[in-house]
Structure formats: structure tokens, C-alpha cells
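Right, one structure below, let's go through it.
The values are calculated or read from the model by the stated rules, or taken from the named source; none is laboratory data. Just so we're clear, the structure is a prediction, and the values are computed from it rather than from any experiment. Backbone-built Cβ (ideal geometry, glycine too); neighbour counts: all protein chains shown. Just so you know, the surface numbers come from the protein's heavy atoms only, side chains and all, with ligands and any DNA or RNA stripped out. Shrake-Rupley method; radii C 1.70, N 1.55, O 1.52, S 1.80 Å.
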Amino acid sequence: MENILPILVADAPDALVELCGVNLVERLLRILQRLGCRRAIVFSSTPEIIGVELAKRSWAREQITAQLVPTAGKSVTAHRILKQGHAARFLIVPANVYCDGRLLAALSARNSPTVLVDSNPPPFVQAMIQNPSGPALVTRDFLLACSDSAPVVEELKQKIETGEIDTVDAAKVDDYIVSMRRRVRPLCFSASSEHNPHVAERVILDSAQNGTLDLPAYIHAPIENAIISRLCKTRITPNQITIAGFIIGCSATLAFALGRIGLGIIAALILGIVDGLDGKQSRVKIEMTERGKWEHYLDYLIENSWWTAIAFHLWQSAQLRSAFYFLALLVGSHLLDEFVKRRAKMATGRLLDDVAPFDRAFRVIAARRNVYVWVLGCGFLLGAFPQSYAIICGWATVSAAVHLTRSVWICNALRRQVVDSRA
């Protein structure tokens, strides 16, 4: 967002419509901060109301400064925008819309005046989408050529009608999100008080769900979504959920080490659900942080403490004297698995679990923490817990071997394509 000044037009009550616990103007400021903006101008005809909202302390947007400019009932003109700074480009966004951050990023990547449109909106939000959708990028030269008295919105409409301005089509923006292993259609639509907020909230909640899941996660997902739909309207932060998950995970480790296998499995099953809540809470409320990226390493530490504690218990109780050999097999398989997955991602730009239909199908049953816990739970109920531990260690090896084969196959196929293209 280099040399771009965001311009928000926020009037109460529409700009303060709350979706999943965050009002529209707050949501836009959080998105802009994560796009790299550190200053935004907020024009408002209701400065007293909007000013109170902007004055509230918000850790999720503490790195961006919002400067309130009262409009006194007058239109936002090119002259008024130019007075706010010497930026080369201005990103104008009405604060009565829900807008996916990828669309604002796509607009910001343009160097010429551009408006956002949607040529093929999904049916369930079609009535809420306008064309143009509201957000637009304008240059300083564009504003200098505009009338000093006419609203910028009217100037943009005239340029659209005469075909003198570029467009970014939301329907053609890349909708694949690598980290989520799925396609999420980017949308921008009016979310003002006259529209049904439940539709907008459904869009937000759906966009927070990861794709290409393992078998237990298909059961966890609706439970997580039901919890998040309520949790997002509280002041609980993703980091607090992570801490709660860490405590539950440590409790499971302690239970396994002390031989309280049933309690350990119950705690592990609970963590399987809690572990999905912090990421969803951060995506739903735009509360992603750099620290949140380390949560996966914490998960890895916790789950390996489980396998170690179980191995210790089985060895100490003489139920499986070779438990630590199985543990070494499990850890070694995981390290190999991570290596080949990273290699495949570097080659394809995608996670190995989502490269092809076979990979997506195999992930359903592939060796993962949730699958392990289910297998161990079944083993405990059947009175074959030591055998179930040996099974998950063996399955880790099989999964790593499958992923190694797939990684080699994919990388070799891509290498052959490069050679053929140069021939």
C-alpha cells in the first residue's frame, strides 16, 4: 500500500452496523492495517457518533491512525480529498460495505483510476451487490481534473458510463487461499441496516472455514462454527483461546503420563475442537497477528508431548516395552512428512494435501493428530490401547511414504514440463 491514502466515508448508523462482533468501519480499518496502511482519513456527516467509535481503544487496529474529517452535510469532493495529504493514489471506500481484503489489495495494486465491480455475484448476495460496488482507487491527477464542487462519486459514475476508467472484477480475482486449502469467493456488498445482517454474517463465518479436512475435522467443523457464531460477539481474543487450548493440551499430557488414559483422550478430543477456534476467531474478526503464526509450532509441541507421555506410560507399565522405538518412528515420520510437504509447496505453490483429487482424498484418513486421537480412543474402549499406539506410529510411516512418493512424482512432473518447454 505504498503511497496510498485510504479515504473512508462513514456515516451513522450504516457504518456502525455490527457483523460478527465488529462494526463495518472498524472492520475496514483492521483490514487496511493488515494491508500495510498506517493512516486513514474518515469523512463523516455524523462526526460526533463516528468520533466516539474511532476513539475507542482497539488493539486489532492500533497500528493505523484514523483522522476524522467532518463533512457538515457537504459532499466529499476531489478538492477536500486532495487537502488531506500528498499521496499519489487514494483508495476511496464507503464504510457501509463489507469488503474482502483481497479486493482492496487488488485495487491498490493498480496505478490508474479503477473501480470495483462484480460481473457474476453469487445468488445469495445478489440483492446486496451494486455495480460499481463502492470502493475505488483514484490518482492525484484524476482528482486534479475533477470539478471542485461535484462529489467524487458522481465523477466516477460519469467515467464508468463513458468507459474512461478501469475496473477490477471481483468475479475474476483469484479466489484460492493456499493456507486454507480452498477457494473463497471474494465479495463486496452493501451491509447497511436495511439489509439482512444474517446473510452477511453467514458469508463471514463460511469464509473462515478451512478446506480439505481430515475425517474428524468434518465433525468438528459444524461444532466450531456454532461456537464461533456466538464467541465472535464477545471480547474473547484468539490469543486467549490459544492459551486455553495450551492448558487443555498440557492437561492431556499430564493425564497420559500418569496413566489416566481416559481423561487424556477426553482432553485431547476437546482440544481438537478448541484448536480450530482461535484461527476462525481471528479470521472472522480480522484479529490476525504475527504471533498467531507461531500457534502451529505450539500445537506441534503439545501433540508431541502427548506421544512422548504415552510412550513413557506404556514403557513404565510394561504394556509396550518397545514404546520409545515406536515414538522414534512416529517423530521421524513426521519430520520426513514436513520436509516432503515443504518441497511440494515450493514446487507447486500449494499445500501437498490439496494438489490433486488423490491428495485431498488421502488427507481424510492421513496420519494427523485428530486421526491419532480417534484411533487411540477406539483402542482404549476396546481394551487394546498399546496396540492402538503401535498402529498410529505405523500409520504415520505409511502416510509419510505416500507423501514422499507424491512429492517426488509432482516435482519430477514439473521438472519435465520445464525441460519440454525449453526444448
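Close amide H contacts of L68 (hydrogens built in the peptide plane, cut-off under 5 Å, sequence separation of 5 or more or a different chain): V42.
Rank K293, K280, K341, K157 by accessible area, highest first, at a 1.4 Å probe radius? The partial results should precede the final answer.
Values: K293 120, K280 5, K341 40, K157 95 Å².
Listed by decreasing accessible area, they come as K293, K157, K341, K280.
Assuming R0 = 45 Å, can you tell me the calculated FRET efficiency for the pair R360 and A318, based on Cβ-Cβ distance, to the nearest 0.05? Walk me through the intermediate numbers first.
Numbers: r = 42 Å, r/R0 = 0.93.
FRET efficiency, R360 to A318: 0.60.
Of all the options P135, P13, P121, the one that moves most in a Gaussian network model of the chain with Cα springs shorter than 10 angstrom is P13.
Translational diffusion of the chain, estimated by Stokes-Einstein from the Kirkwood radius over alpha carbon pairs at 37 °C in a medium of 0.692 mPa s, is 135 µm² per second.
At the residue level, S58 shows approximately 20 square angstrom of accessible surface with a 1.4 angstrom probe and all protein chains present. Would you mind classifying the range 25-83 by shape? Square roots of the alpha carbon gyration tensor eigenvalues, ordered a ≥ b ≥ c; an a/c under 1.5 is rounded, otherwise it is prolate if a/b is larger than b/c and oblate if not. Because a/c hits 1.5 or more and a/b fails to exceed b/c, the range 25-83 counts as oblate.
Sorted into 5 angstrom bins from 0, the C-alpha pair distances of the range 129-194 split as 3, 12, 21, 18, 15, 14, 9, 5, 2, 1 percent.
So, for the chain, what is the accessible surface per residue at a probe of 1.4 Å, expressed in square angstrom?
Per-residue accessible area for the chain comes out at 49 Å².
Of the residues R185, R27, the one with the largest accessible area comes first in the ranking R185, R27, computed with a 1.4 Å probe on protein heavy atoms. Its relative contact order, with pairs defined as Cα atoms under 8 Å and 6+ residues apart, puts the range 100-146 at 41 percent.
Start at zero, step by 5 Å, and the Cα-Cα distances of the range 112-163 spread as 4, 17, 28, 21, 14, 8, 6, 2 percent across the bins. Put simply, the amide H of T167, placed in the peptide plane, has neighbours under 5 Å in V115, leaving out anything fewer than 5 places away on its chain. Within the full protein context, the accessible area of K74 is estimated at about 140 Å² for a probe radius of 1.4 Å. This model, with +1 at the C-beta of Lys and Arg and -1 at the C-beta of Asp and Glu, gives the chain a dipole about its Cα centre of some 1060 debye. Hull volume per residue, based on the alpha-carbon atoms of the range 1-111 and their convex hull, is 94 Å³.
Summing Cβ point charges (Lys, Arg +1; Asp, Glu -1) relative to the Cα centre of the range 195-317 gives a dipole of roughly 340 debye.
Across the range 122-255, the mean sequence separation of Cα contacts (distance under 8 Å, 6 or more residues apart), normalised by length, yields a relative contact order of 22 percent. Kirkwood analysis of the range 256-403, using all unique Cα-Cα pairs, places the hydrodynamic radius at 16.6 Å. For the Cα trace of the range 50-133, dividing Rg by the Kirkwood Rh returns an Rg/Rh value of 0.98. Taking a ≥ b ≥ c as the square roots of the eigenvalues of the Cα gyration tensor, the range 353-394 is prolate, since a/c reaches 1.5 or more and a/b is larger than b/c. Within the chain, C37, C146, C250, C378, C393, C411 have no other Cys Cβ under 4.7 Å of their Cβ and so lack a disulfide-compatible partner by this rule.
Residues D353, D174, ordered by accessible area of protein heavy atoms at a 1.4 angstrom probe radius and largest first, appear as D174, D353. Measuring max minus min along each principal axis, the C-alpha atoms of the range 112-262 give extents of 77, 31, 29 Å (largest first). Pairs exceeding a 31 Å alpha-carbon distance, out of K233/K293; K83/K293; K157/K280: K83/K293; K157/K280. Once both labels are positioned 7 Å from their Cα atoms along Cα-to-Cβ, the gap between A221 and L82 label points is 5.2 nm. Estimated at 0.36 nm per residue, the fully extended path between C378 and R182 surpasses their Cα-Cα distance by 67.5 nm.
So what's the back-of-envelope 222 nm ellipticity for the chain, counting only DSSP H runs of four-plus at -39500 (n - 2.57) apiece and dividing by all residues, rounded to 500?
Details: 16 runs with 225 residues, N = 423.
For the chain, the value works out to -17000 deg cm²/dmol.
Across the chain, the mean sequence separation of Cα contacts (distance under 8 Å, 6 or more residues apart), normalised by length, yields a relative contact order of 14 percent. Reducing the range 164-196 and the range 90-124 to their Cα centroids gives an inter-centroid distance of 8 Å.
Report for the chain the percent antiparallel among DSSP-assigned beta bridges with both residues inside it, nearest 5.
Details: 14 of 33 bridges.
Around 40 percent of the beta bridges assigned by DSSP in the chain are antiparallel ones.
Per-residue Karplus couplings for the range 385-392, computed as 6.51 cos²θ - 1.76 cosθ + 1.60 with θ equal to phi - 60°, are listed in order as 5, x, 5, 5, 5, 5, 5, 5 Hz, Gly and Pro entered as x.
The phi-based Karplus calculation (6.51 cos²θ - 1.76 cosθ + 1.60; θ = phi - 60°) puts the 3J(HN,Hα) values of the range 251-258 at 5, 5, 4, 4, 4, 4, 5, 8 Hz, whole numbers, x for Gly and Pro.
Over the chain, what percent of the accessible surface lies on carbon and sulfur atoms, probe 1.4 Å? Numbers along the way, then the final one.
On the way: 12260 of 20550 Å².
Ligands and nucleic acids excluded, carbon and sulfur give 60 percent.
Only Cα sites of the range 261-339 enter the Debye sum here, all with the same form factor; the resulting log10 I(q)/I(0) across q = 0.19, 0.22 1/Å is -0.94, -1.08, listed in q order. Database remark: amide H of L19 closer than 5 angstrom to the amide H of L24 (H placed geometrically; neighbours at sequence offset of 5 or more, or on other chains; Pro and chain starts carry no H).
Quick check of the Kirkwood formula: for the range 78-126, what is the inverse mean of 1/r over all pairs of different Cα atoms, in Å? All intermediate terms of the calculation are to be shown ahead of the outcome.
Values: mean 1/r = 0.0767 Å⁻¹.
It is 13.0 Å.
Rounded to the nearest Hz, the phi-derived 3J(HN,Hα) couplings of the range 161-172 under the Karplus curve 6.51 cos²θ - 1.76 cosθ + 1.60 (θ = phi - 60°) are 4, 8, x, 9, 9, 6, 10, 10, 8, 4, 6, 10, where x marks glycine and proline.
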